[in-house]
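So the structure is just underneath, and the comments pick up after that.
The values are calculated or read from the model by the stated rules, or taken from the named source; none is laboratory data. Being a predicted model, the structure only gives us computed values, none of them experimental. Please note: Cβ atoms are built from the backbone with ideal geometry, for glycine as well, and neighbour counts cover all protein chains shown.
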Amino acid sequence: MIKPRQFLRALVALSAGVLSGFVTLSAFAAPPAGVLDETHANVRAVMAVQSEVTTAWMRQPEVLGTAVGLDAAGNTSLVVYVDQDAKNAGEVIRNLPRSLRGVNVQIEMTEKFRSFARPGGGGGTSHTAKQTPPIELGTSGGWGKDLANGYCCGGTLGSLVSIGGVQHILSNYHVFEADIVSGGNNTTAQTGDAVIQPGLIDVNCTVANAQNVATLVKKSSLPGSNVDCSIAKVTSGQVRTDGAILEIGTISASTVNAALNQAVKKSGRTTGLTHSSISGLNATISVAYDNECAGGAAFTKTFTGQIVIANKGSRFLNSGDSGSLMVEDVATSPRAVGLLFAGSSSTAIANPIGQVLSFLGATMVGN
């Protein structure tokens, strides 16, 4: 359980839905034949139906969203997420079609997407311990002043990117720079602030027990853009220059588009090294953000074109894993797929990595 005074602002409430724009494909190689990414004819056929019905269906509070997925037979289908605790869930399900213009409609019952109340387990390598520099990423970290209202916050230092030849740590906006009011700690996140390892949540909320590894470069990705990302300029000698990630190693400098059933893995603060597969493409999610650690509501953001990953029992992603880089599940030099930022006990959500890099004007650091 989370100890008193510790608060993980890492996974935020969401609902899933429909894409209104597409990831730029020019930066990626053409997928192998038969790969079910957003360029595949079957996926695009479902997307066409999805774009017509999702807005109307989601006016019903019982419908949490839609995505392009696969049915039990492996056929592309339109997945509809329905709140299993809603009073009228049964009626809503009965009124939904089982197919629409030749596209199967698959209903998935789930609890509301929400923040997690306690962290999960971990592997044999500690992702919360203070490392001897230069550190590996996929580790606990965050904004050095992320303490307010009797709580401290943090997340995961995900990966290394290069901007104009300068190396930066990549994580989420809500891990590095979500403090936008003076509020409970009489300060706000500013460029030049320390980014630390481990995060305050793993050093008893005492910054002196952590180490400065980078300095914040505010990009204010939210609420205006379609990604939840933030960066911190690496302090010389504090981070491995090859961008190695705990239990994954050095990744590829190339990236890859998400595809249905694609095997993926991530290395994060709470659950360590975990493996899963992509269960949905083309999702729209609505995410509520706080204005500081354990603070009040700041804004609600709707994201489009997101990646959905199976997360049964929060075993792939849990509170504190926000900011983790999701990569393809191969042994050496895996390519980045997405930046993880939200989820529920059955579903994890990632920004497509192409959108993130485009917003930042960055490239991955790797082989």
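Close Cβ contacts (under 8 Å, 6 or more residues apart or on different chains) running from residues in segment 74-91 that are more than 25 Å from Arg44 (Cβ to Cβ) to residues that are among the hydrophobic types (A, V, I, L, M, F, W, C) and buried (at least 20 other Cβ atoms within 10 Å of the Cβ) comprise Asp83/Val63; Asp83/Leu64; Ala89/Val82.
When every residue of segment 209-216 is checked against the conditions, none turns out to be in contact with a helix residue (DSSP H, G or I) (Cβ under 9 Å, 6 or more places away or on another chain), buried (at least 17 other Cβ atoms within 10 Å of the Cβ), modelled with pLDDT of 95 or more and closer than 15 Å to Ala362 by Cβ.
Looking at Val105, Val68, which one is in contact with a Lys or Arg (Cβ under 6 Å, 6 or more places away or on another chain), in a strand (DSSP E or B) and either at pLDDT below 95 or farther than 30 Å from Gly243 by Cα (or both)?
Values: Val68 fails: in contact with a Lys or Arg (Cβ under 6 Å, 6 or more places away or on another chain).
Only one candidate qualifies: Val105.
The residues of segment 71-82 that are at pLDDT below 95 and either exposed (fewer than 13 other Cβ atoms within 10 Å of the Cβ) or in contact with a helix residue (DSSP H, G or I) (Cβ under 6 Å, 6 or more places away or on another chain) (or both), listed by number, are Ala72, Ala73, Gly74, Val82. Return yes when Asn257 is within 16 Å of the chain's Cα centre (by Cα) and either under 23 Å from Gly366 (Cα atoms) or small (Gly, Ala, Ser) (or both) and no when it is not. For Asn257, the condition - within 16 Å of the chain's Cα centre (by Cα) and either under 23 Å from Gly366 (Cα atoms) or small (Gly, Ala, Ser) (or both) - is met. Only a single item in (1) closer than 22 Å to Val356 by Cα; (2) among the β-branched types (Val, Ile, Thr); (3) buried (at least 24 other Cβ atoms within 10 Å of the Cβ) is not met by Ile201, and it is number (1).
Scanning segment 237-258 for residues that are closer than 22 Å to Thr271 by Cα and not in a loop (DSSP other than H, G, I, E, B) turns up Val239, Ile245, Gly249.
Scanning segment 343-365 turns up no residue that is within 14 Å of Val256 (Cβ to Cβ), of a type outside the set (Lys, Arg) and part of a loop (DSSP other than H, G, I, E, B).
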